[in-house]
Amino acid sequence: MHPLRAIDPLVVEGPLELRFEDVTQQGRLTPTALPHALSIAWRTAIVHHPLHGELLASGILPVLSRLVCEPAGGDGLVTVRDRVGARVRCHLAHVPAASPADLRIVFVMEGHCFREAPGGIAQATLLGRVWAEHVLSRPMAPHGQRRVYALPDGSIPAAVHAWVDGDSIDALPPDAEALEPEAQDDACVTVFGMDHTDGNHHVNSLVYVRLLMDAALRRLDALGALPSALRVRHVDLRFVRPSFATDRVRWRLQAFRAPQAGTASGHVGVRAALYAHGDPRPRVRARVEFD
């Protein structure tokens, strides 16, 4: 058994530059705006951390495995001219496993975006939350040698992480009512091009967020269940395997309605899985909910 190693969490604060497309007409941050907060930690602290250099020297990279975005409601309004900041907390952890072969080491980031106030973050207005889980991997290693079972010094992080599998994400929420008997293929097929990809040579994670929102709205519209606000309150994606330019993909979705405190009708959402043509295994498992 690898020895446990206590690793202090890293907390970083910094300004966030908003683009025009990051703010809706209601003054809410979009779900795709929130992950940019994590770049504050990458640019200013993570790349300079000694452990980051040790991991790179060993061919180990954090591969995004799950992404959760939650734009704020209530008073969480902003314009592109406002001063916006973010606070990001990062830590390494391990996922307990029945056997060493199933061990995972993860890098978890949680960011909160704020509209700045004279009193600092303590007095600022919350604009949204983003949470990202990365699995440490050796992506350039031969197949079968990519799983990382320990840090370069032979230890594993002492912190424990609760893994949520794709079946749990691609499921109806508790107490939810399905609006259709079973999941159905989306009417739209997406063909990925180079503009969907990034420097990791596969489709960028934020592309899936946009495609999911579009497909969910199509499905809710077809069922006559579009919410009045049309605003995403929660999106959760589990990345199972990558997609590449020229891949043809299609969502399989099932709409639902779930109870919501303070409302009579509750809120609506869609559970979904993304499949490539000719491949029975999902690329992404996801759920999105609207106010």
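The values are calculated or read from the model by the stated rules, or taken from the named source; none is laboratory data. Everything numeric in this text was worked out from a predicted model, so none of it was measured. FYI the Cβ positions are ideal-geometry reconstructions off the backbone, even for glycines, and counts take in every protein chain you see.
Return the residues of segment 47-69 that are under 19 Å from the mean Cα position of the chain (by Cα) and within 21 Å of Glu17 (Cβ to Cβ); say none if nothing qualifies. Write out each step before concluding.
Step one: list which residues in segment 47-69 are under 19 Å from the mean Cα position of the chain (by Cα), which gives 61-69.
Of everything in segment 47-69, those that are under 19 Å from the mean Cα position of the chain (by Cα) and within 21 Å of Glu17 (Cβ to Cβ) turn out to be Leu67, Cys69.
Would you mind finding the one in Pro181, Pro174 that is within 22 Å of Arg66 (Cα to Cα) and surrounded by fewer than 12 Cβ atoms within 10 Å (Cβ to Cβ)? Full working, then the answer.
On the way: Pro181 fails: within 22 Å of Arg66 (Cα to Cα).
Answer to the check: Pro174.
Among the listed residues Val191, Val209, identify the single one that is under 29 Å from Val95 (Cβ atoms), at pLDDT 95 or above and outside the structural domain of Gly76 (by TED's automatic domain parsing). Can you show your working first?
Working: Val191 fails: under 29 Å from Val95 (Cβ atoms).
Exactly one residue qualifies, and that residue is Val209.
Residue-wise test of (1) farther than 15 Å from Asp82 by Cβ; (2) at pLDDT 95 or above; (3) out of contact with any Phe, Trp or Tyr (no Cβ under 8 Å at 6 or more places or on another chain).
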| residue | (1), (2), (3) |
| --- | --- |
| Met1 | yes, no, yes |
| Ala33 | no, yes, yes |
| Leu38 | yes, yes, yes |
| Val47 | yes, no, yes |
| Leu56 | yes, no, yes |
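Can you pull out every residue in segment 188-231 that is within 25 Å of Leu38 (Cβ to Cβ), loosely packed, with under 14 Cβ neighbours inside 10 Å and polar (S, T, N, Q)?
Listed by number, the list holds a single entry, Asn200.
If I go through segment 99-128 residue by residue, how many of them are more than 24 Å from Leu64 (Cβ to Cβ) and either small (Gly, Ala, Ser) or at pLDDT 95 or above (or both)?
Adding up the residues that qualify gives 6.
What number goes with the only condition from (1) surrounded by 16 or more Cβ atoms within 10 Å (Cβ to Cβ); (2) outside any helix (DSSP H, G or I) that Asp8 does not pass?
Here Asp8 meets the rest and fails (1).
(1) among the aliphatic types (A, V, I, L, M); (2) surrounded by 17 or more Cβ atoms within 10 Å (Cβ to Cβ); (3) closer than 24 Å to Ala6 by Cβ: which one isn't true of Val84, the others all being true?
Here Val84 meets the rest and fails (3).
I'd like to verify a number: residues in segment 28-47 that are outside any helix (DSSP H, G or I) and of a type in the set (S, T, N, Q), how many? Step through it out loud before you land on a result.
Taking segment 28-47 as the starting set, the residues that turn out to be outside any helix (DSSP H, G or I) are 28-33, 45.
Those still in the list that are of a type in the set (S, T, N, Q) too: 30, 32.
Within segment 28-47, residues that are outside any helix (DSSP H, G or I) and of a type in the set (S, T, N, Q) number 2.
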